[in-house]
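Step one of this worksheet: look at the structure below.
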Amino acid sequence: MYNKIYERKEFIIFQVKEGFIVYNTKKEFEGGHTHLKHFEAAKTAIDLVINKKIPKSTDGYYLASLIRLSDDDNYINKINNLIESREQKGKKDKYYNAGYKIAKRSG
């Protein structure tokens, strides 16, 4: 299999060609692993899942990775709610200051 480079509780990190695989040994491999590019991101994901913390400023892929690693339904529901609320907000319109006028130079 792969070379295990880190282990904490039920989580294992393997190094692969394109980065790292984080695996929760309490789950089936198919639904309990995720691929991440950086070792620090993999370790942080483990810490977040163990401590049931939800990061404020991460992308949807990383949040989905946390869901795959966790076996706590309450934690998974909180992350899903965050993903849904972000999708509902959608892209914001560009800011337009209606009171701002470009002054033409008289010359």
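The values are calculated or read from the model by the stated rules, or taken from the named source; none is laboratory data. Small disclaimer: the values here were computed from a predicted structure and weren't measured. Note that each Cβ is placed from the backbone with ideal geometry, even for glycine, and that neighbours are counted across all protein chains shown.
Couple of notes before you dig in:
- For the stretch 1-27, residues that are farther than 24 Å from D72 by Cβ, more than 17 Å from the chain's Cα centre (by Cα) and not in a loop (DSSP other than H, G, I, E, B) total 4.
- Selection from the stretch 20-37 of residues that are over 14 Å from E7 (Cα atoms) and in contact with a helix residue (DSSP H, G or I) (Cβ under 9 Å, 6 or more places away or on another chain): K27, G31, G32, T34, H35, L36
- The stretch 23-49: number of residues that are farther than 19 Å from N80 by Cβ, β-branched (V, I, T) and either touching a His at 6+ places or on another chain (Cβ under 6 Å) or surrounded by 14 or more Cβ atoms within 10 Å (Cβ to Cβ) (or both): 2
- Of S57, S65, all but one fail to be more than 18 Å from G19 (Cβ to Cβ) and either under 11 Å from the mean Cα position of the chain (by Cα) or part of a loop (DSSP other than H, G, I, E, B) (or both); the exception is S57.
- Restricting attention to the stretch 6-22 and to residues that are farther than 28 Å from E84 by Cα, at pLDDT 95 or above and of a type in the set (A, V, I, L, M, F, W, C), the residue that is surrounded by the most Cβ atoms within 10 Å (Cβ to Cβ) turns out to be I13.
- Scanning the stretch 42-85 for residues that are free of Cβ contacts under 8 Å to residues at least 24 places away in the same chain, more than 26 Å from K4 (Cα to Cα) and basic (K, R) yields a single hit, K56.
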